[in-house]
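The values are calculated or read from the model by the stated rules, or taken from the named source; none is laboratory data. What you see is a predicted model, and the numbers here were worked out from it, not measured in a lab. Using ideal geometry, Cβ is built from the backbone for each residue, glycine included, and neighbour counts are taken over all protein chains shown.
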Amino acid sequence: MKRRWTALVCAVGLCAGLTLPAAAAGTYVDVPGGAWYADEVSQVTEKGYMTGVDPTHFVPLANVTRATVVTVLWRMAGSPAPTASSGFSDVAADAWYTQAVDWAKEKKIASGDGKGAFHPDQQITREEMAVLLARYDAYQGIDMAEGALNLFSDANQISSWAKEGVQHAVGMGWLEGTDGKLNPDGLASRAQLAAILVRMDTPAMG
């Protein structure tokens, strides 16, 4: 049973791109009603941004892959048809995330590793995710926010290439620290991604 559950968690990235029966709010047996992410999971499921690994399991604490992040951003953009192939050597023409990766490359949201590969199944860190989210906003014509990174004790651990993206994510209220730390190298979970998507989809009040 343990091996079967491990296999299910490892398949999270794959299932993120499959068309599964729509799950009504509260039908995921692994999302307790009192969990901090319960409402967010319900919202992203209802909007079609994210799906469960099957109709009754969301696996909220599983780590998110690069393919999953670009796929949900593509869905938020309305699932537009890309005009060209990304050309990444590790993105098969028939993969569930191919259109999303092609679109993300075309819109300068994802750029790969500089060596011709995208690494779709690689688990994504919080700072890497912040960069993709910030580029998505840039694609939408939104100015970059300048969050106060000096409020976090581990701000010096943010990679130089990710600083602008993390600043934007903090300034927009998407990334929130824990105990005064951002944990930029920490892996992002499906629950965290769901929460961020809801924040991105909520108009700012002002």
Close pairs from the range 40-62: first within 15 Å of M200 (Cα to Cα), partner aromatic (F, W, Y), Cβ under 6 Å, at least 6 apart: V41/F58
Whichever residue in the range 112-144 is charged (D, E, K, R) and surrounded by fewer than 19 Cβ atoms within 10 Å (Cβ to Cβ) and, among such residues, is farthest from the chain's Cα centre (by Cα): K115
Residues (small (G, A, S), in contact (Cβ under 8 Å) with a residue 12 or more places away in the chain and more than 24 Å from Q140 (Cα to Cα)) located in the range 86-113: S89, A95
Subset of the range 39-82 [of a type in the set (S, T, Y) and either under 21 Å from Q140 (Cβ atoms) or part of a loop (DSSP other than H, G, I, E, B) (or both)]: Y49, T51, T56, T68, T71, S79
Counted residues, the range 145-201 - those being in contact with a Gly (Cβ under 9 Å, 6 or more places away or on another chain), of a type in the set (V, I, T) and surrounded by fewer than 17 Cβ atoms within 10 Å (Cβ to Cβ): 0
Scan of the range 95-111 for residues that are part of a loop (DSSP other than H, G, I, E, B), surrounded by fewer than 21 Cβ atoms within 10 Å (Cβ to Cβ) and at pLDDT 95 or above, ordered by number: A95, W96, K107, K108
